[in-house]
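Here the structure comes first, spelled out in structure tokens, and everything after it is commentary.
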Amino acid sequence: MPPASVFQDNQSTIAMVRAGRPTSDRTRHVNIRFFFVADRERAGEIAIEYLPTKDMIADILTKPLQGELFLKLRKELLNWDEA
């Protein structure tokens with residue numbers, strides 16, 4: 001079975017997960033025990049992939065969106081478009 005895709009819109013977070021440790025002085029407070037995701041990626045269970053913020057379908061469920069972005073994400077999520 002292929003690894004499950006986990007989409008992330010923060011490239012710094014992706015770099016930190018792939019390194020398996022904090023990557024700068026600003027993230028040194030992150031305890032190594034929180035790198036569960038890095039362990040799962042190394043085990044081949046998940047694949048972290050970059051997806052730009054404007055394409056994150058989950059945002060329609062977590063943020064108040066308006067206009068074109070709302071319509072775009074609604075169409076992708078529900079496959080429904082007003083005619």
Original post:
Within region 35-60, how many residues turn out to be surrounded by 12 or more Cβ atoms within 10 Å (Cβ to Cβ) and among the basic types (Lys, Arg)?
Top reply: 2
Subject >> Qualifying residue in region 1-10 (condition: surrounded by fewer than 12 Cβ atoms within 10 Å (Cβ to Cβ), of a type in the set (Ser, Thr, Tyr) and in contact (Cβ under 8 Å) with a residue 24 or more places away in the chain) >> reply: yes
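Condition check ((1) among the basic types (Lys, Arg); (2) in contact with an Asp or Glu (Cβ under 8 Å, 6 or more places away or on another chain)) across all residues:
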site	(1), (2)
Ala19	no, no
Arg28	yes, no
Ala38	no, no
Glu45	no, no
Ile48	no, yes
Ala58	no, no
Thr62	no, no
Gln66	no, no
Asn79	no, no
Original post:
So, in region 11-34, of the ones that are touching a Pro at 6+ places or on another chain (Cβ under 8 Å) and either surrounded by 13 or more Cβ atoms within 10 Å (Cβ to Cβ) or modelled with pLDDT of 75 or more (or both), which residue ends up nearest to Asp59 (Cα to Cα)?
Top reply: Met16
**OP:** Would you check if there is a residue in region 1-23 being farther than 25 Å from Asp55 by Cβ and hydroxyl-bearing (Ser, Thr, Tyr)?
**Re:** no
Original post:
Before we move on, is Ile32 in contact (Cβ under 8 Å) with a residue 12 or more places away in the chain and either touching a strand residue (DSSP E or B) at 6+ places or on another chain (Cβ under 8 Å) or of a type in the set (A, V, I, L, M, F, W, C) (or both)?
Top reply: no
Original post:
Out of region 17-32, which residues are closer than 16 Å to Ala47 by Cβ and not small (Gly, Ala, Ser)?
Top reply: Val17, Arg18
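The values are calculated or read from the model by the stated rules, or taken from the named source; none is laboratory data. Since the model is a prediction, treat every value here as computed from it, not as a measurement. Don't worry about glycine lacking a Cβ; one is built from the backbone with ideal geometry, like all the others, and counts go over all protein chains shown.
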